[in-house]
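S.K.: Would you mind keeping the following structure in view while I ask a few things?
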Amino acid sequence: MSRRQVSSTRRFVDTGNFPFSGALHSKSRSSPLLSIALVVVGAFLLIGYAYSGSGIFGGAKVVSRAEGDFSCTLEVQRAIPILKKAYGDSMHKVLHVGPDTCSVVSKLLKEEETEAWGVEPYDIEDADASCKNLVRKGIVRVADIKFSLPYRPKSFSLVIVSDALDYLSPKYLNRTLPELARVAADGLVIFNGSPGQQRAKVAELSKFGRPAKMRSSSWWVRYFVQTSLEENEAGISKFEQAASKQSYKPSCQVFHLKPYN
């Protein structure tokens, strides 16, 4: 997904406020050595800003988040240590379902005693070589989640879903959610966006098929009841405790559900 970056360097130049520009254009009678020294110091400071993540280049991430480049799949990667604390042995055999699943699967595979698979709901034409290698090995599958998943019941101890259900209408949710619960043995964890968060831009609608529908937590809770899915209270409690200890606050709505018996 492309992200437009704002060039702070250009803004400094256009406004005439580029650091040390006064030193470069000063009409004072300072010695040439002083001017050169100021230029060198300025260069070092600019390099420091770039690498510290808080200066010229570091601000780009904030801009992209504000413009709506929001991803619960990135949130899943951030939450992996919390999920491991909450689910313990259930994190040994994990299925992730959602866009950019290769990034999640790759990170899970780096965890000790963790096997991971993924389902990518959309095409991967622009995927990197590492992702395509996971597909060739059968670790990641490209599949339309509006239909039956290519796995047997209770194939995975834990199923994690992100950035996938927000793009489905209730008609297709009625098919997809039971399928996700069917292949889970111990639990189902869903990362959804919240009302007010922007997802797919106009250019991406051809990929997702429809704009994301950000539903409230109360809507989801009612929907889970309608589909006979129960909240996993033990999972919720352990997740909240682990999150509190590590000062972790999820940017997405996180739902913990029990699988079908």
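For (1) crowded, with 16+ Cβ neighbours inside 10 Å; (2) small (Gly, Ala, Ser); (3) out of contact with any strand residue (DSSP E or B) (no Cβ under 6 Å at 6 or more places or on another chain), each residue gets a yes or a no:
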{"residue": "219", "(1), (2), (3)": "no, no, yes"}
{"residue": "228", "(1), (2), (3)": "no, yes, yes"}
{"residue": "233", "(1), (2), (3)": "no, no, yes"}
{"residue": "238", "(1), (2), (3)": "yes, no, yes"}
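S.K.: Just a yes or no: is a residue in the range 239-259 closer than 19 Å to residue 98 by Cα, among the β-branched types (Val, Ile, Thr) and at pLDDT 95 or above?
M.R.: Step one: of the range 239-259, the residues closer than 19 Å to residue 98 by Cα are 250-257, 259.
Imposing the further condition that a residue be among the β-branched types (Val, Ile, Thr) reduces the set to 254.
Next, only the ones that are at pLDDT 95 or above stay: 254.
Yes, that holds for at least one residue.
The values are calculated or read from the model by the stated rules, or taken from the named source; none is laboratory data. What you see is a predicted model; the values in this text were computed from it and never measured. Cβ: placed from backbone, ideal geometry, glycine included. Neighbour counts: every protein chain shown.
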